[in-house]
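In what follows, a structure is listed as structure tokens, so that the remarks can point back to it.
What follows is calculated from the coordinates using simple rules that are stated; it is not laboratory data. Model, not experiment: these values are computed from the prediction. Reconstructed Cβ throughout: ideal geometry from the backbone, glycine too, with neighbour counts over all protein chains shown.
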Amino acid sequence: MATKNNVREQREARARLRAYEQRQQNHHRMISRRQRDNLVIAAVTVVAVLIAIGSQVAFTLTTQATQASSSTPSATGVPDKALAENRQWTGSMSLAGVPLGFTLNGAAAPQAVASTVSLINKGFYNGITCHRLTTEGIFVLQCGDPQGTGAGGPGYTYGPVENAPVNNVYPAGTIAMARQGGNGNSMGSQFFIVYKDSTIPSDVAGGYTVIGNITSGLPQLISDVTSRGTSSQSGDGAPVINTLIQSISVK
């Protein structure tokens with residue numbers, strides 16, 4: 001009788017041991033699964049962050065249109081920076097029927113202002129549309145391309161970057177020159193109007209040349225043009241409103 005009891009007890013003990021070992025294996029598998037899941041989540045998070053950062057960098061660089069493929073400015077046709085006269089210019093513009101007042105700072109950005117004033121006085125900008133609007137992260141309306149594609153210019157390029165903000169912040173109303181990403185010598189006729197405070201990170205060429213500011217009409221430009229968004233309903237594209245530069249002058 002005692003022997004039978006011992007056998008039964010040994011069997012029960014072995015069964016309890018197997019059950020315990022099974023529970024331990026299940027526990028270890030669960031821990032391993034959680035660790036793998038955590039690693040996957042962490043990896044996905046890192047990838048998402050990298051994608052977001054990469055998208056922001058790409059978006060920042062392509063906010064400024066490609067106007068030339070050369071990394072050096074063209075020598076022919078670039079107006080003499082002395083034309084900026086080391087002074088502030090006062091201007092007016094009709095953009096999509098919105099009257100805008102603006103100033104250009106010839107002392108702070110003499111080469112860019114000399115070029116812009118020269119193009120304005122030649123009537124270069126009359127009848128040109130603003131081909132690009134960004135509405136996410138960076139808030140700019142980009143104008144000045146005679147082709148309307150982002151690849152056009154006045155037939156010359158210049159640089160380097162002048163008068164870029166050291167903190168990369170471009171307040172609402174800022175007027176700055178567009179350029180290729182990473183190429184400070186690719187400025188031409190394209191400029192952008194910042195309609196809402198924007199942080200635009202510098203690249204290897206620096207920031208973006210600030211030539212002046214909108215002094216009147218910005219609220220109407222926002223309500224009539226930029227608030228309507230893009231024709232593609234994306235955060236970066238052609239404005240849904242035809243933004244023709246009907247007239248522009250400086251004195």
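Summary table
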item: Residue match in region 217-231 (condition: hydrophobic (A, V, I, L, M, F, W, C), surrounded by fewer than 21 Cβ atoms within 10 Å (Cβ to Cβ) and either free of Cβ contacts under 8 Å to residues at least 24 places away in the same chain or over 19 Å from GLN111 (Cα atoms) (or both)); result: yes
item: Test: residue in region 138-148 that is assigned to a loop (DSSP other than H, G, I, E, B) and surrounded by 23 or more Cβ atoms within 10 Å (Cβ to Cβ); result: yes
item: Subset of region 85-98 [surrounded by fewer than 18 Cβ atoms within 10 Å (Cβ to Cβ) and either in a strand (DSSP E or B) or in contact (Cβ under 8 Å) with a residue 40 or more places away in the chain (or both)]; result: GLN88, THR90, SER92, SER94, GLY97
item: First in region 186-202 and under 27 Å from GLY155 (Cβ atoms), second anywhere and among the aliphatic types (A, V, I, L, M) and exposed (fewer than 15 other Cβ atoms within 10 Å of the Cβ), Cβ under 9 Å, 6 or more apart; result: ILE200/VAL169
item: Residue count for region 149-192, restricted to those that are within 13 Å of the chain's Cα centre (by Cα), of a type in the set (A, V, I, L, M, F, W, C) and in a strand (DSSP E or B); result: 2
item: Selection from region 99-137 of residues that are closer than 17 Å to THR174 by Cβ and assigned to a strand (DSSP E or B); result: LEU100, GLY101, PHE102, THR103, LEU104, ASN105, ARG132, LEU133, THR134
item: Subset of region 193-232 (residues that are part of a strand (DSSP E or B), more than 19 Å from GLY97 (Cβ to Cβ) and aliphatic (A, V, I, L, M)); result: VAL194, VAL210, ILE211
